[in-house]
1. Tell me the Kirkwood radius of the stretch 14-101: reciprocal of the mean inverse pair distance over distinct alpha-carbon atoms, in Å.
2. For the chain, what proportion of DSSP beta bridges, expressed in % and rounded to the nearest 5, is antiparallel?
3. Scan around Val457 for amide H atoms under 5 Å from its own, H built in the peptide plane at 1.01 Å from N, and keep only partners 5 or more places away or cross-chain.
4. In whole angstrom, note down how far apart the Cα centers of the stretch 230-271 and the stretch 8-31 are.
5. Rounded to the nearest 20 debye, what is the charge dipole size of the stretch 433-534 about its Cα centre when +1 sits on each Lys and Arg Cβ and -1 on each Asp and Glu Cβ?
6. When only C-alpha pairs under 8 Å and at least 6 residues apart count, what is the relative contact order of the stretch 275-390, in percent?
7. Find out how many positive minus negative residues lie around Glu149, taking Lys and Arg as positive, Asp and Glu as negative, among other residues whose Cβ is under 12 Å from that of Glu149.
8. Got a sec to turn the phi values of the stretch 42-50 into Karplus ³J(HN,Hα) couplings, 6.51 cos²θ - 1.76 cosθ + 1.60 with θ = phi - 60°, whole Hz, x for Gly and Pro?
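The values are calculated or read from the model by the stated rules, or taken from the named source; none is laboratory data. These numbers come from a predicted model, not from an experiment. All Cβ positions, even for glycine, are placed from backbone atoms using ideal geometry, and neighbour counts span all protein chains on display. Note: accessible area is taken over every heavy atom of the protein model, side chains too, but ligands, DNA and RNA are not part of it. Shrake-Rupley method; radii C 1.70, N 1.55, O 1.52, S 1.80 Å.
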Amino acid sequence: KAYDLFVESLDGNKRFLTQDELGKVSIYKNQIDDELNNGTLLLFNESNELIENAINRAENIFEEEIEKVFDFSKEEEIELDPEKRDYPVDEDALRDYWRKTLKYDILTKYYRKLDKQNKAIEKSKKQDEDEDAEEKKEEEELVIKTEKELLKESQEDVKENFEDWFKRLSKIRRSDRFESYVNAIMHVYDPHSDYFNPKDKADFDIRMSGKLEGIGARLSVDGDYTKVVSIVPGGPAWRGKELEVDDLISAVKQEDSEEAVNIEGMRLDDVVSKIRGKKGTKVTLTVKKPDGTYNDVTIERDIVVTEEGNAKSVLLEMEGVDRKLGYTYLPSFYADFKAKDGRSCAKDIATELDKLKAQNVEGIILDIRNNGGGSLRDVVDMAGLFVEEGPMVQVKPKKGKPYVLEDEDSSVKYDGPLIIMVNDFSVSASEILAAALQDYNRALIVGSPSTFGKGSVQRFYSLDRVRGANEFKPLGDVKMTIQKFFRIDGTSTQLKGVEADIVLPDSYLYIKRGEKDYDYPLEWTEIEKVDYDQNAYKVTSYDKLRQLSDDRVKSDDNFKLVLKNAERLKENSENRVYSLKLDSFVEQLESENEEAKEFRVIGKDEVEGLAIENLAVDMPHIESDSSRIGRNEDFIARLKKDIYLKETIHIMNDMIKYN
């Protein structure tokens with residue numbers, strides 16, 4: 001397993017190594033444990049030399065092939081999913097793969113140039129019809145290029161991009177590949193145990209401190225691409241609404257530069273350095289969406305406003321629902337551990353509940369969608385706001401008995417109807433809260449079929465604590481999984497996550513995401529349950545509520561479109577074969593883009609009949625700063641377009657009526 005993961009880290013896209021070459025190092029695939037015990041690095045040393053030679057060879061092949069005249073009338077195709085391709089059998093097969101890859105990239109560039117030109121032509125036609133646009137038309141002369149010219153430009157662009165890419169590959173250090181080797185071994189046991197070099201650890205600490213400057217997005221490496229793994233609430237990307245989780249960034253353009261820099265294959269820290277920048281400057285990212293389409297997303301850099309990551313509440317009213325409801329958004333389980341009376345999400349939620357109760361709301365919706373987790377202690381305290389004292393979560397180390405974390409406060413802050421909104425990016429601490437209140441039958445869980453499924457605890461260990469080896473320090477840190485969470489009913493949130501009581505379909509319904517998408521996640525296990533009960537409020541009419549919601553979803557045009565889009569994304573993710581014949585390629589992309597247009601309306605229109613109002617007590621703080629006013633307007637506008645919130649309001653109405 002470690003061997004396979006290491007080879008994937010070296011050449012996951014199968015564009016460098018041949019099957020014969022892999023055979024030379026595969027003899028070590030069952031000796032990795034012996035090498036660790038002996039302190040030898042035969043596999044790593046030979047693999048490192050092999051991949052360096054293979055990259056040099058690929059660069060030579062590229063330099064030869066890119067100068068050739070490509071035949072775009074030839075009937076042939078390329079498979080883009082590396083999991084469906086074998087490694088090339090020999091150098092001839094490798095060369096053919098590179099020829100097809102370059103051809104595909106040229107066609108992709110060509111299509112984007114053609115699309116841009118067609119839009120410019122269409123815009124020019126509209127200006128011709130508008131007499132008031134004469135002056136503007138004179139300022140900018142439209143130059144229409146031929147197919148041959150566009151293809152030539154595209155080939156030159158691809159050549160330049162790959163030349164830059166090979167330069168970046170040449171800068172990969174031996175230590176970088178050694179880190180991949182170490183992590184390949186660690187990830188066999190658990191995907192959340194990692195080695196962090198000193199710079200990575202420093203970046204991690206910066207992220208945890210909440211002091212972020214740039215666009216406000218967390219990134220990771222996904223093959224040759226940089227993948228968006230989360231959007232920082234309150235940050236520029238969050239406010240812009242165009243950049244999304246799972247987007248793949250392929251190019252970065254600065255506002256003072258005419259050309260975008262291709263970042264495919266670039267080191268992540270180099271990508272981050274290009275995306276980060278001074279407040280007020282703009283950066284344009286070329287992103288590939290999960291449906292295969294490309295978009296240019298321009299974001300103005302800013303300092304992430306940390307208060308936007310804090311809990312906030314509004315009042316909800318819906319036409320046809322004769323009730324006033326409360327809504328609280330919690331983007332993370334934040335806590336300031338350094339300050340004695342520092343900020344605590346549990347304390348903030350308690351405050352929000354008091355404010356909503358003062359408005360005499362009949363039910364409260366707590367939204368923890370896309371909440372990546374955080375403070376464990378705050379989870380326990382927060383769950384305790386809704387029930388009397390009792391167990392909230394069990395924690396078990398590898399050896400020894402599990403211990404129970406309990407809420408010891410017998411008071412109940414809120415004892416009314418409660419719904420928790422989740423999705424498959426509700427992670428860790430979010431899952432503990434949802435699981436505890438689900439086990440107590442205290443809250444109805446609404447959203448994706450299940451949450452992320454991370455039920456483990458990690459701790460950092462500094463390798464500088466090792467005696468000696470001072471000449472090599474700083475050595476960095478190891479983040480090691482040391483415990484697992486268990487629900488109070490004895491089952492684990494690991495891998496399975498928390499299953500929603502009422503499922504609302506989303507566009508990624510049929511795509512495998514979350515913990516189960518990792519190669520070797522920890523298995524699902526269970527331990528003994530603990531005694532628990534509560535008398536504040538209990539959800540009882542599950543079947544009735546589920547049926548009523550299901551009937552509404554099936555008849556709702558928005559959800560019909562969501563389900564149709566989910567089928568499309570599933571089909572697109574499974575079929576990544578493209579024709580390399582010009583006419584067929586353009587036809588295929590035109591079809592994909594035309595198909596995608598139908599679904600771009602999802603979440604764009606306001607929900608009819610939904611009224612959202614800030615709490616009067618919050619208005620002085622909001623109105624004290626123009627940026628707060630703008631962020632609040634964005635927040636309200638986003639909620640007004642949320643079809644999931646609309647359905648959750650109806651579910652809450654049913655719950656109050658039938659429970």
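1. On the way: mean 1/r = 0.0668 Å⁻¹.
Result for the stretch 14-101 stands at 15.0 Å.
2. Antiparallel bridges: around 80 percent, rounded to the nearest 5.
3. Ile482, Gln483, Lys484, Phe485
4. Their Cα centres are 31 Å away from one another.
5. Taking the Cα centre of the stretch 433-534 as origin, the dipole is about 440 debye.
6. Relative contact order here is 22 percent.
7. +1
8. 4, 4, 5, 4, 5, 5, 5, 5, 5
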